[in-house]
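The values are calculated or read from the model by the stated rules, or taken from the named source; none is laboratory data. Keep in mind the model is a prediction, meaning the values are calculated, not measured. Heavy atoms of the whole protein, side chains included, go into the accessibility calculation; ligands, DNA and RNA do not. Shrake-Rupley method; radii C 1.70, N 1.55, O 1.52, S 1.80 Å.
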Amino acid sequence: MSGVSATKDTGDAGPATGDLVVLSNVNKHFGALHVLQDIDLTIARGEVVVVIGPSGSGKSTLCRTINRLETIDSGVITIDGKPLPDEGRELARLRADVGMVFQSFNLFAHKTVLENVMLGQLKVRKTEKKDAEDKARGLLDRVGVGSQADKYPAQLSGGQQQRVAIARALAMGPKVMLFDEPTSALDPEMINEVLEVMQQLAREGMTMVVVTHEMGFARSAANRVVFMADGRIVEEASPDEFFSNPRSDRAKDFLSKIL
Ligand code: ADP
Ligand code: MG
């Protein structure tokens, strides 16, 4: 794979700074549930942050606020120096800078693999059809499913579908990629083919936020581990530090259950 650069496009945001995604004092409620509590999180350009924590701790909600699939009640989120707008064209543009890959692939079932990877380019980026197709084929090759381009998602394995979903997100030229448990719905033998694509992206300098229970991936790919519990960031540390010497009881308890 080649060509993914985390610094290639700063748009009109001025010169590239170190911080690509910044959450400052972010709070979010679902009714009475305070699902994100005073979240401060800064993700540097090219950094890979793995978010772990018990089910229900707010990891998915955190991801979804970063591309504004969820609104926040207070605080500020900036992407490449620009606050996330509430709506309109500016939001669509900023959202295109944030690629998202979900547990449940979310491919369009009635479109071919190739069409899935072309669609956002045509509709949001207004790319010429020929260019969109060339880019889509290149990306499908890079994630190892180039020969599946004319099939429909249901004809592919789960691992192949998830790699298509990654290609589709990359086709938009995102500045940051969010992965929310991208391998949790996969049969065990397909997990590695998806993690390898993610490892490669990380090596190429893509800025990534990855919610995962794959601790091997966290150890080898993450620059930083963020541990969440009950809507708060409880600990942040390098993978080595976190796994060998978790500081909080919550983290110790969590690790004792999964390792
Ligand atoms: P995680 O991804 O860490 O498992 P989530 O962010 O999905 O956690 O959920 C955090 C909490 O918020 C859970 O208690 C969940 O039930 C609740 N929640 C998530 N989405 C909604 C929603 N749309 N409406 C109400 N409650 C929600
Ligand atoms: Mg979740």
Residues with amide H under 5 Å from that of LEU178, placed H, sequence gap 5 or more: GLY99, MET100, VAL101, VAL209
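For the chain, count all C-alpha to C-alpha pairs, find those more than 32 Å apart, and express that count as a whole percent of the total.
Values: 6703 of 33411 pairs.
I get 20 percent for the Cα pairs in the chain exceeding 32 Å.
Report, to the nearest whole %, how much of the accessible area of the chain belongs to carbon and sulfur atoms, 1.4 Å probe, protein only. Could the numbers behind the result be given before it?
Working: 5520 of 11630 Å².
Carbon and sulfur: 47 percent of the exposed surface of the chain.
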Whole-Hz ³J(HN,Hα) from phi, Karplus 6.51 cos²θ - 1.76 cosθ + 1.60, for region 228-239, glycine and proline x: 10, 8, 6, x, 10, 7, 8, 8, 9, 6, 5, x
Euclidean distance between Cα centres, region 226-245 to region 40-112, Å: 20
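In Å², what does the accessible area per residue of the chain work out to with a 1.4 Å probe? Working shown, then result.
Working: 11630 Å² over 259 residues.
Value returned for the chain: 45 Å² of accessible area per residue.
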Backbone HN-Hα couplings from phi across region 181-191 [Karplus 6.51/-1.76/1.60, Hz, Gly and Pro as x]: 6, x, 10, 5, 9, 9, 4, x, 6, 9, 5
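Let me know the volume per residue of the alpha-carbon convex hull for region 23-149, in Å³. Kindly include the intermediate steps, with their values, before the conclusion.
Working: hull volume 19.3 nm³, N = 127.
Here the figure is 152 Å³ per residue.
Using Cα-Cα distances under 8 Å and only pairs 6 or more residues apart, what relative contact order does region 102-259 have, in percent?
Numbers: 189 pairs, mean separation 30.1, N = 158.
Once normalised by length, the contact order is 19 percent.
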Fraction in percent of alpha-carbon pairs per bin - 5 Å, region 179-238: 4, 16, 28, 25, 15, 9, 2
Mean ellipticity per residue at 222 nm, deg cm²/dmol - from DSSP H runs of n ≥ 4 across the chain, formula -39500 (n - 2.57): -11000 deg cm²/dmol
